[in-house]
Amino acid sequence: MTMKLTHCPDKSCASHSKTLSPEAEFGIAMPYWAIAWDVFAWIGQRRFSRHWSVPQIRYELIDTYETTLSEDAIEDYIKRYEIMVAARQQDPERLRETYEGIDDLVLSIDGLQPEKGHETLYVIRELRAKRVWFAVPLLSSAESEIKKVIEEARSWAERLGKPVRAWVSDKQGAFVNTIAEVFPGVPHRYCKNHFMRYVELNITHIERNRSAESGSRAFPSHHSMRFILGLDSCGPIVAS
């Protein structure tokens, strides 16, 4: 494909000496790209919808489409694809359309760490629309850093003009304290996964003690379950 380059015909124009590309070029490919939009979309779809690896994408391009790209180039296009998708997801007009029929919001926060010592990716999700709002990589889980993430979530809710009905997270102290500070009075529930872990750990602890006292193996009792679930002397699992 050949693109015809041009100059401004007005010689008095300050940009007369600059070479300009036709406007239609951007509908085919971005400047300095080695691929067109269709190949770019194909790479993104294979990576994120079908979870193909970079080598798998590379060899499929070679074998099926006779298109040769290095793995570095494919990784670069994947990063650009992620940026574009993230920008579309965060577009204010698109968000307003998504939440037009939703009266209130339920937010959640969770930290994802690929390996110990690496940055933790803190993800804010909205559960009514089942939508990821944004994610922030942090090296520290200090309350001061988590508070910035929670405050950003508050800004999103304010832009939408929707009240936050509840928060969901694990029982990490930084989450509990900063959500209570930034969203005073908003109920905060612990996620089901961590709730069940809490139950399991406490049942194991109680029954181990009972077994030690009785000298025989004991199974979870009705009293133990009431104690764990906060129906007796134990405090409630759900924070509010």
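The values are calculated or read from the model by the stated rules, or taken from the named source; none is laboratory data. What you are looking at is a predicted structure, and each value in this text was computed from that prediction instead of being measured. Counting neighbours? That spans all protein chains shown, and the Cβs are built from the backbone with ideal geometry, glycine included.
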Quick one: which of Thr6, Thr64, Thr68, Thr98 is touching a strand residue (DSSP E or B) at 6+ places or on another chain (Cβ under 6 Å) and either at positive phi or not charged (D, E, K, R) (or both)? Thr6
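For every residue, the table says whether it meets (1) modelled with pLDDT under 95; (2) charged (D, E, K, R); (3) surrounded by 13 or more Cβ atoms within 10 Å (Cβ to Cβ); (4) within 20 Å of the chain's Cα centre (by Cα).
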| site | (1), (2), (3), (4) |
| --- | --- |
| Ser49 | yes, no, no, yes |
| Ile57 | no, no, yes, no |
| Tyr65 | yes, no, no, no |
| Tyr81 | yes, no, yes, yes |
| Arg88 | yes, yes, no, yes |
| Glu100 | yes, yes, no, no |
Would you mind telling me which numbered condition in (1) of a type outside the set (Asp, Glu); (2) under 30 Å from Arg131 (Cα atoms); (3) in contact (Cβ under 8 Å) with a residue 12 or more places away in the chain; (4) in contact with an Asp or Glu (Cβ under 9 Å, 6 or more places away or on another chain) Arg58 fails? (2)
Using the structure shown, decide if Phe195 is of a type in the set (Phe, Trp, Tyr) and either within 18 Å of the chain's Cα centre (by Cα) or assigned to a strand (DSSP E or B) (or both). no
Answer yes or no: is there a residue in segment 7-19 that is outside the structural domain of Thr64 (by TED's automatic domain parsing), outside any loop (DSSP other than H, G, I, E, B) and loosely packed, with under 10 Cβ neighbours inside 10 Å. no
Here's a check for you: in segment 120-145, which residue that is under 20 Å from Thr178 (Cα atoms) and outside any strand (DSSP E or B) is nearest to the chain's Cα centre (by Cα)? Leu127
Inter-residue pairs, beta-carbon under 7 Å, first in the same structural domain as Asn177 (by TED's automatic domain parsing) and in segment 120-143, second modelled with pLDDT under 90 and part of a loop (DSSP other than H, G, I, E, B), 6+ apart: Thr120/Gln113; Thr120/Ser141; Phe134/Gln90; Pro137/Glu119; Leu138/Glu119; Leu139/Glu119
